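The numbers here are math on the coordinates, done by the rules we state, and not lab data. Keep in mind that what you see is a predicted model, and the values were worked out from it rather than measured. Here the Cβ positions follow ideal geometry from the backbone for every residue, glycine too, while neighbour counts run over all protein chains shown.
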Amino acid sequence: MPADFSGTWNLTNSDNFEGYMLALGIDFATRKIAKMLKPQKVIEQEGDSFSIQTTSTFRSYFVQFKIGEEFEEDNKGLDHRKCKSVVTWDNDKLVCVQTGDKKNRGWTHWIEGDQLYLELRCEDQVCTQVYKRA
């Protein structure tokens, strides 16, 4: 049975977020603000259906999906691009492939102990974030 991602998670560490945001084409001022934030994720998982709410004092982002089903994702809270996304299981990891303007774009979530890992990919940049269960 796949991992249970349900819960509230607080960001504790972020590596190469600046490089990831540059690859997305996010402007200087927004990058400087975003690097200082400590967002919180609330993940609700019911079988293969997920909702992920990421909130911070600057912006919030919400995505809802079902494993294996392609959906149109509006990255309004991020880089303001739309893309086609599909999330699949890779053992106990959630892997999202996003197809759109940017190459090699997507993310992977996995859990180790009481920590949630998020690897963000865009072009040749990889950002790794670590969240701790609240």
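If you place +1 on the Cβ of every Lys and Arg and -1 on the Cβ of every Asp and Glu, how big does the dipole about the Cα centre of the chain come out, in debye to the nearest 20?
580 debye
Using only helices, what value at 222 nm comes out for the chain when you add -39,500 (n - 2.57) per DSSP H run of length 4 or more and divide by the total residues, to the nearest 500 deg cm²/dmol? Intermediate values should be presented prior to the final figure.
Details: 2 runs with 17 residues, N = 134.
After summing the helix terms and dividing by residue count, I get -3500 deg cm²/dmol.
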### Query
For the range 56-113, how many pairs of lysine residues have a Cα-Cα distance under 19 Å, where the two are 8 or more positions apart or belong to different chains?
10
### Message
Using +1 at the C-beta of Lys and Arg and -1 at the C-beta of Asp and Glu, which of Phe71, Gln129, Pro39 has the Cα lying farthest in the positive direction of the dipole of the chain?
### Response
Pro39
### Query
Tell me, what HN-Hα J-couplings in whole Hz come from the Karplus equation 6.51 cos²θ - 1.76 cosθ + 1.60 at θ = phi - 60° for each residue of the range 34-41, using x for Gly and Pro?
4, 5, 8, 7, 10, x, 10, 10
